[in-house]
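J.: Just dropping this structure here.
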C-alpha cells in the first residue's frame, strides 16, 4: 500500500528537548546565584512523564495535559535545587522551556523534503498548544498538528493512533509513523501503521537504548534527510 502521510513523534525524534531545557535551567540558576547539576535536574524532571501518562491511560487519574504533568514535577524539584523562591511567573516560564527545544540538524530540511510529496503531521504526547508553539519556535513545516490531546490518551495507547487514522482519513498502512522510540513504533504497527525508525541521542551522548531497531520496521534510517531520499523526496 502506498504511503500518503507521515506522522512524527516530536520530543526526541524531531527536536532535542534535553539540551534546550538544561540551557534554560542553567541561565535561570545563574540569575538566581544558584549553581547545580542542571542535567540531573532535567533528567529528574523528565522522569515524571511516563508514570503520569500511564496512570491516565489506565484510568487511574482523569485526563491531564503534559504541561500540568511537568508543572507539578517542577514545583517538587525547585526546592531541592535551592530555588524555592521562584515566582509563579518564573515557574510558568521554566515550564514552557519544553516549548523552546532545538531542532536536530536534519529535522527542518528533512521534513520540508518529505512535505513535497506527502502530508506531514505531528503525532506527539505533548498537548496541542505546546506542539503549535514548538513548530513555530523551531520552524518545523508540518501540515497539521495531532497530539495526545486529540485522543485524550497517550502513546502507546491504541486510541492515539486510531485518532490519527480517523482524522487523516487514510487507511492505516498509508500512514508512516516516524519515531526514535521502538515502543512507539511497536504500538503503531499493532494498529496497522507503517513504521520508520531512526536513532537519536535525546538523553545524552551516553544513551544506549533505542539506538537500534528492535523489530522489522518498514524503514530504518540514520536521519530524516535519509528517510526523504529513501522515499524519493
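All of the numbers you see were taken from the coordinates with simple rules; none came from a lab. Just so it is clear, the model here is predicted, and its values are computed rather than measured. Glycine also receives a Cβ, built like all others from the backbone with ideal geometry; neighbour counts cover every protein chain displayed.
J.: Assess whether residue 81 counts as being more than 27 Å from residue 129 (Cα to Cα) and in contact with a helix residue (DSSP H, G or I) (Cβ under 9 Å, 6 or more places away or on another chain).
T.: The answer is yes for residue 81.
J.: Here is a list: 196, 187. Which entry is buried (at least 18 other Cβ atoms within 10 Å of the Cβ), touching a helix residue (DSSP H, G or I) at 6+ places or on another chain (Cβ under 7 Å) and under 20 Å from residue 105 (Cβ atoms)?
T.: So the residue among 196, 187 that is buried (at least 18 other Cβ atoms within 10 Å of the Cβ), touching a helix residue (DSSP H, G or I) at 6+ places or on another chain (Cβ under 7 Å) and under 20 Å from residue 105 (Cβ atoms) is 196.
J.: Further question: Any idea how many residues of the range 84-97 are part of a loop (DSSP other than H, G, I, E, B), touching a helix residue (DSSP H, G or I) at 6+ places or on another chain (Cβ under 9 Å) and exposed (fewer than 15 other Cβ atoms within 10 Å of the Cβ)?
T.: Matching residues across the range 84-97 total 2.
J.: For the range 26-35, check the following and say yes or no: at least one residue is under 22 Å from residue 138 (Cα atoms) and touching a strand residue (DSSP E or B) at 6+ places or on another chain (Cβ under 7 Å).
T.: Looking for residues that are under 22 Å from residue 138 (Cα atoms) and touching a strand residue (DSSP E or B) at 6+ places or on another chain (Cβ under 7 Å), one finds none in the range 26-35, hence no.
Quick grid of which residues meet (1) within 15 Å of the chain's Cα centre (by Cα); (2) touching a residue at least 60 places away in the same chain (Cβ under 8 Å); (3) surrounded by fewer than 20 Cβ atoms within 10 Å (Cβ to Cβ):
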| site | (1), (2), (3) |
| --- | --- |
| 7 | yes, yes, no |
| 11 | yes, yes, no |
| 19 | yes, yes, yes |
| 23 | no, no, yes |
| 26 | no, no, yes |
| 30 | no, no, yes |
| 41 | no, no, no |
| 50 | yes, no, yes |
| 53 | yes, yes, no |
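J.: Another question, then. What number of residues within the range 204-230 are in a loop (DSSP other than H, G, I, E, B), out of contact with any strand residue (DSSP E or B) (no Cβ under 8 Å at 6 or more places or on another chain) and surrounded by 16 or more Cβ atoms within 10 Å (Cβ to Cβ)?
T.: Number satisfying all stated conditions: 2.
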